[in-house]
Amino acid sequence: QRSVETRRVVMKLVVIVPLLLLLEVSGYAECRCFCQVTGDLDDCTCDVETIDRFNNDQLFPKLQSLLESDYFRFYKVQLMHHTYVYAHLWVRSVTLNVCLASILSQLSQLSALLFVPSAETREALLDWNKYDDEAERFCVVDDEESPDSQYVDLLLNPERFTGYKGPEAWQIWNSIYEENCFKPYTIKRPLNPTSFQSSPGSEGRNSSCVEKRAFFRLVSGLHASINVHLSARYLLDDSWFQKKWGHNVSEFRQRFDSELTVGEGPKRLRNLYFLYLIELRALAKVLPFFQQSSFQLYTGRPEEDQKHKEQLLDILQLARSFPLHFDEASLFAGDEKEAAKLKEDIRLAFLNISRIMDCVGCFKCRLWGKLQTQGLGTALKILFSERQIEALPKSSNQRPSFQLSRQEIVSLFNAFGRISTSVRELKNFRVLLAEEQ
């Protein structure tokens, strides 16, 4: 009788074990990336599912349409910051090889970037500059004033995988984290996605104040969003006949699978949602600035400009209607002197991150890295300027208490467009991973 029972157990194992192995290598892959990316987000009252529904069903289509307009498709950028690169080399020898390789490859890459080509468009951009220069500005970015800056057509230069990877790319992100993120040491290092050092604890939730924790999560979310874009628009076929971009599920898993990243991948995706909430909150807060009758999305075509302003206001009203906004009152709510110092630390950190982006050895990567860094910095500027926005004058004759330059506006909306696209792409990757079952 025992032998009969033993045979039954063995037969069950013969059936069950292969099924478990199949789940482990196929269907379970979706869970290893997404099972922890659900429910409430830390330091927030919002949950992942609410963001997914709001973004994918309502906001994403409207925002993409707006970003195709001329006002938002041209971004002025300086891609040859030699002075800072050499200074960065001298002060931080750890990035020496990275930046030298970047400099040596710049000239060969520059011609591949598609700058604004037509004389008609260049003349229009000069007209835009004249209009912008007549407006008083309170925040001027180096790129705007540099004689070497050029306008880049973002629609002709989409963010996607360019082949830029390996130690050079990892060193850039390591520099960003180590120099600017208040160093929550419970995070696994290095950031090389194929090599992790184990360290105890979680992601440092209790190891720093909410402001420092939030700053780290914003940078981590930005990093995650960029990696989602690269996985979603990966170069699948590069031949004489065609270049084909598409979703690379293996690349996505390498960056976000919990087992392949020692548990860090899902945390990065949750940080992406946190970043989404911060930038969405900024859009809701800045609505009064864009409602001013004196504000125009100026391109010299009044009817189109008005149409696009109405489109923008519709998006901002939609952002304001989101039911579970991040409460920025939790930030810098303590001692005034300490809060002021934290704000200044964060401002300087963003300036430094933008300068580190100048060391990126791929021009298209540098373009989108600088744009998204400036966009996030603009979002934080808005959240830190609530009183100034509330005090905006009712008359155009009065000096404005708050202002955004064209550069800041273009970077703000395009940066959020990238985050919105990432959230939408996560839905696609869920489907693709489930199909692997």
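Before moving on, here are some points about what is shown:
- All of 290, 295 fail the test of being open to solvent by less than 10 Å² (accessible area, probe 1.4 Å) and free of Cβ contacts under 8 Å to residues at least 60 places away in the same chain, apart from 290.
- Cβ pairs under 8 Å, 6+ apart, first in region 156-168 and more than 16 Å from residue 357 (Cβ to Cβ), second open to solvent by 50 Å² or more (accessible area, probe 1.4 Å) and among the aliphatic types (A, V, I, L, M): 156/114
- For region 313-361, residues that are assigned to a helix (DSSP H, G or I) and either touching a His at 6+ places or on another chain (Cβ under 6 Å) or aliphatic (A, V, I, L, M) (or both) total 16.
- Wholly within region 226-312, helices (runs of 4 or more DSSP H) carrying at least 2 residues that are closer than 30 Å to residue 35 by Cβ and among the charged types (D, E, K, R): 249-256, 264-285
- Where a residue in region 420-437 is open to solvent by 40 Å² or more (accessible area, probe 1.4 Å) and its partner, wherever it lies, is outside any helix (DSSP H, G or I) and modelled with pLDDT under 90, with Cβ under 8 Å and at least six apart: 436/26; 436/27; 437/26; 437/27
- The residues listed here are 358, 314; of these, the one that is open to solvent by 10 Å² or more (accessible area, probe 1.4 Å) and either within 30 Å of residue 169 (Cβ to Cβ) or more than 19 Å from the chain's Cα centre (by Cα) (or both) is 314.
- Only one entry in 399, 387, 366 is open to solvent by 40 Å² or more (accessible area, probe 1.4 Å) and part of a helix (DSSP H, G or I), namely 387.
Residue-wise test of (1) part of a strand (DSSP E or B); (2) of a type in the set (Asp, Glu); (3) at pLDDT 85 or above.
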position: 49; (1), (2), (3): no, yes, yes
position: 54; (1), (2), (3): no, no, yes
position: 58; (1), (2), (3): no, no, yes
position: 61; (1), (2), (3): no, no, yes
position: 64; (1), (2), (3): no, no, yes
position: 80; (1), (2), (3): no, no, no
position: 84; (1), (2), (3): no, no, no
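The values are calculated or read from the model by the stated rules, or taken from the named source; none is laboratory data. These numbers come from a predicted model, not from an experiment. Using ideal geometry, Cβ is built from the backbone for each residue, glycine included, and neighbour counts are taken over all protein chains shown. Remember, those area values only see protein heavy atoms, side chains included, never the ligands or the DNA or RNA. Shrake-Rupley method; radii C 1.70, N 1.55, O 1.52, S 1.80 Å.
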